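> Just passing along the structure, written as structure tokens.
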Amino acid sequence: ICLNPFRGSAMSAPAHLQSKLDRSLQQQYLKHWTPCEEPSGNDGEEHVKVQQLGLDPSKVEVFYNAGPAVLYEQALRYEKGTNITATGALCVRSGAKTGRSPQDKRVVDEPSSTRDIWWGKVNMKLEESSFLVNRERAIDYLNTQDRIYVVDGFAGWDPEYRVPVRVITSRAYHALYMRNMLVVPTAEELDAFEADAFPKPFVIYNAGMFPANRYTAGMSSSTSVAINFERGEMIILGTQYAGEMKKGVLTVMMYLMPLRPARNLAPAARALPLHSSCNVGKEGDVTLFFGLSGTGKTTLSADPARFLVGDDEHVWTTEGVFNIEGGCYAKCIDLSREKEPEIYDAIRYGAVLENVVFDEWTREVDYEDVSVTENTRCAYPLQHIPNAQIPATVKTHPTNIVMLTCDAFGVLPPVSRLTPEQAMYHFIAGYTAKVAGTEMGVTEPTATFSACFGGPFLVWHPYHYAEMLSAKMIAHDCPAWLVNTGWVGGGHGVGRRCPLKYTRQIVDAIHDGTLAGLPDSSYETLDVFGLKHPKVQVKDVPEDVLSPRLAWAASGKGEEYKVKVKHLADLFEKNFKQYEDRCSADVIAAGPHVA
């Protein structure tokens, strides 16, 4: 790639790094050419080649690892719709796309990874020739810009496992976003980064302001998000939504980590990437939280009595757990200091607010206004959270695993103790439910399943991750719990949502060992699902809340409960059929079964 590596161009970088960065970008520039096209090394000839790409080297300016103040200035000056809010956050617009485009995601089918990848709806194949067409299109666009922003950082806090990442983009907003979401190198690490002391970085070419050619083979629209594991590159065209970069990095970690330290090791000995949050108690006890949107994962993991390791992406190694990210990317819809004070107060100078609406005079944000999108977001450094664990790594293994679901059918108990096989089953299923009334014509709750609680980001088959999870649970004596934050005593519209104070007490009972200490005689088994749940009061949570059978009976709907149990079980069975060809008989048997 040619991004200002030539004489006469401008460089906004510390003086001692300019020559190193020049050489690094020059190497990436040479990768753009086939051997017969490769420049001879003469500056004049290279200048001509650059001009053929549409770049005037005397005008391009590269901003290398610029700080927030510089990126604020750049965004405010050159990016329409950018403002500073009353709390000091940078407020931006992501253009037409205000969310990810999963139907436009592609993975290159190449020899080094093709046998590993779970091909299908999540990982759709792309020929390398089409990837190279998109790559050249992206580079051509970046070469026409007056300003380019380069961000170097790491995916992962653990030096043994982290992956160097380089982002090249035309928007200051994207640069600040990734500066927040990657682990920022120290000054010494940045020197080493440019001295090639680290492995080759994974490179993201973000030309999202320029569309893909929809007639290129493998394209489904003018948006394209394509990953090539062999080249270590990601190309973004036709979408300015910054979350594509974050989830692209997660996808890379989802592929690479199970290969570390070596692919031939036993499941418990390899690194397990997880779409989860993580916190740690003052005694060093670690809890992993899994859960889809609306299950309470962010709220329950942001416990003021515990340290937050991270809110979304982690890796479980042979030594403990580390956060993949350097920051948090939180939903902002209906945000308030009363509901989520840590997140609310994190939105200050250095944070990036996406697609929110604010008062034009006071610059106060109205988090209830979803006129632009319901997917309003904020990206901020982990250091903005007062009880964050920095560095975001713990050298102890998880003590508990909590799988969260919001069951709007009112069938599942508020808490269930899982066997290793049940943990694998429910991890692969990744269940929650959408509440009726959120969409036109929806009158009943709608079941939602996402494998491993992060289906769109998986690379290997879900069973591959589940097998590793179970092996680590057994090796480190880590129990798993299924916690339902949804409805009790009836489904949505009939029963009531389990009060947050009860859910918090249940999670406290997991942390302090109360639930694990209950004898087997204090548990009963849920019909059809085979889930063991407490039949006695736990802390202040009453028995008739913990038992779905008793809760429905108290509402006078005992017979209707049996119908709902069968209905939900049917949905589970239907969903799981897509995974059964790779799953063991024990895992399949651990799910619900209708007689």
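> Would you confirm, using the coordinates I've provided, whether ASP334 is open to solvent by 10 Å² or more (accessible area, probe 1.4 Å) and on the phi > 0 side of the Ramachandran plot?
Considered against the rule, which asks whether it is open to solvent by 10 Å² or more (accessible area, probe 1.4 Å) and on the phi > 0 side of the Ramachandran plot, ASP334 comes out as yes.
> Among the residues of segment 302-318, count how many are touching a strand residue (DSSP E or B) at 6+ places or on another chain (Cβ under 8 Å) and over 22 Å from THR251 (Cβ atoms).
Number of matching residues: 5.
> Still on this structure, I have one more. Out of TYR241, TYR255, which single residue is out of contact with any strand residue (DSSP E or B) (no Cβ under 7 Å at 6 or more places or on another chain) and buried (at least 24 other Cβ atoms within 10 Å of the Cβ)?
Step by step, each of TYR241, TYR255 is checked, and only TYR241 is out of contact with any strand residue (DSSP E or B) (no Cβ under 7 Å at 6 or more places or on another chain) and buried (at least 24 other Cβ atoms within 10 Å of the Cβ).
> Looking at the structure I just gave you, is GLU283 at pLDDT below 95 and surrounded by fewer than 23 Cβ atoms within 10 Å (Cβ to Cβ)?
Yes: the conditions hold for GLU283.
> Would you confirm, using the coordinates I've provided, whether ILE428 is open to solvent by 40 Å² or more (accessible area, probe 1.4 Å), in a helix (DSSP H, G or I) and not basic (Lys, Arg)?
no
> Among the residues in segment 132-144, are any surrounded by fewer than 23 Cβ atoms within 10 Å (Cβ to Cβ) and part of a loop (DSSP other than H, G, I, E, B)?
Yes: one or more hits.
> Which residues, counting only those in segment 193-241, are aliphatic (A, V, I, L, M) and not in a loop (DSSP other than H, G, I, E, B)?
VAL203, ILE204, ALA207, VAL225, ALA226, ILE227, MET234, ILE235, ILE236, LEU237
Here's the yes/no breakdown for (1) at pLDDT 95 or above; (2) surrounded by 18 or more Cβ atoms within 10 Å (Cβ to Cβ); (3) under 22 Å from ALA69 (Cβ atoms); (4) among the charged types (D, E, K, R):
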position: GLU338; (1), (2), (3), (4): no, no, no, yes
position: GLU342; (1), (2), (3), (4): no, yes, no, yes
position: TYR349; (1), (2), (3), (4): yes, no, yes, no
position: VAL352; (1), (2), (3), (4): yes, yes, yes, no
position: ASP359; (1), (2), (3), (4): yes, no, no, yes
position: GLU364; (1), (2), (3), (4): yes, no, no, yes
position: GLU368; (1), (2), (3), (4): yes, no, no, yes
position: LEU382; (1), (2), (3), (4): yes, yes, yes, no
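> What are the pairs with Cβ atoms under 6 angstrom where one residue, in segment 214-238, is closer than 9 Å to ARG106 by Cα and the other, located anywhere, is at pLDDT below 95? Sequence gap at least six, or different chains.
Nothing qualifies.
> Could you tell me which of the residues ASP520, ASP570 is under 34 Å from the mean Cα position of the chain (by Cα) and either surrounded by fewer than 17 Cβ atoms within 10 Å (Cβ to Cβ) or on the phi > 0 side of the Ramachandran plot (or both)?
Checking each option against the conditions leaves just ASP570.
> If you check every pair at least six apart or on different chains, which have Cβ atoms under 7 Å apart with a residue in segment 61-84 that is among the acidic types (Asp, Glu) first and a residue that is open to solvent by 50 Å² or more (accessible area, probe 1.4 Å) second?
GLU61/ASP146; GLU61/ARG147
> Does segment 484-503 hold any residues that are assigned to a strand (DSSP E or B), touching a strand residue (DSSP E or B) at 6+ places or on another chain (Cβ under 6 Å) and surrounded by 24 or more Cβ atoms within 10 Å (Cβ to Cβ), and which are they?
Result: ASN484, TRP487.
> For LEU126, indicate whether it is crowded, with 23+ Cβ neighbours inside 10 Å, of a type in the set (A, V, I, L, M, F, W, C) and closer than 27 Å to PHE449 by Cβ.
For LEU126, the condition - crowded, with 23+ Cβ neighbours inside 10 Å, of a type in the set (A, V, I, L, M, F, W, C) and closer than 27 Å to PHE449 by Cβ - is met.
> Scan segment 76-114 for residues that are in contact with a Phe, Trp or Tyr (Cβ under 8 Å, 6 or more places away or on another chain), among the aliphatic types (A, V, I, L, M), over 28 Å from VAL459 (Cα atoms) and not in a loop (DSSP other than H, G, I, E, B) and report the count.
3
> Another one. If I ask for residues that are of a type in the set (A, V, I, L, M), assigned to a loop (DSSP other than H, G, I, E, B), more than 23 Å from GLY493 (Cβ to Cβ) and in contact (Cβ under 8 Å) with a residue 40 or more places away in the chain, which ones from segment 517-573 would you list?
LEU531
> Just for strands (runs of 3 or more DSSP E) wholly inside segment 278-393: which have at least 3 residues that are in contact with a Ser or Thr (Cβ under 6 Å, 6 or more places away or on another chain) and more than 24 Å from ALA175 (Cα to Cα)?
Once the strands (runs of 3 or more DSSP E) in segment 278-393 are filtered for at least 3 residues that are in contact with a Ser or Thr (Cβ under 6 Å, 6 or more places away or on another chain) and more than 24 Å from ALA175 (Cα to Cα), what remains is 286-290.
> Moving on. Being hydrophobic (A, V, I, L, M, F, W, C), open to solvent by 20 Å² or more (accessible area, probe 1.4 Å) and either within 19 Å of the chain's Cα centre (by Cα) or modelled with pLDDT of 95 or more (or both) is the filter here, so list the residues in segment 179-232 that pass it.
Passing the criteria: VAL184, MET209, PHE210, ALA217, MET219, PHE229.
> May I pose another question? Out of segment 242-265, which residues are assigned to a helix (DSSP H, G or I), more than 15 Å from ALA138 (Cβ to Cβ) and touching a Ser or Thr at 6+ places or on another chain (Cβ under 9 Å)?
Selection gives GLY243, TYR255, MET257.
The values are calculated or read from the model by the stated rules, or taken from the named source; none is laboratory data. Because the structure is predicted, anything quoted here is derived from the model rather than measured. With ideal geometry, Cβ positions are generated from the backbone for all residues, glycine too; neighbour counts draw on all protein chains shown. Surface accessibility is based on the protein's heavy atoms, side chains included, excluding ligands, DNA and RNA. Shrake-Rupley method; radii C 1.70, N 1.55, O 1.52, S 1.80 Å.
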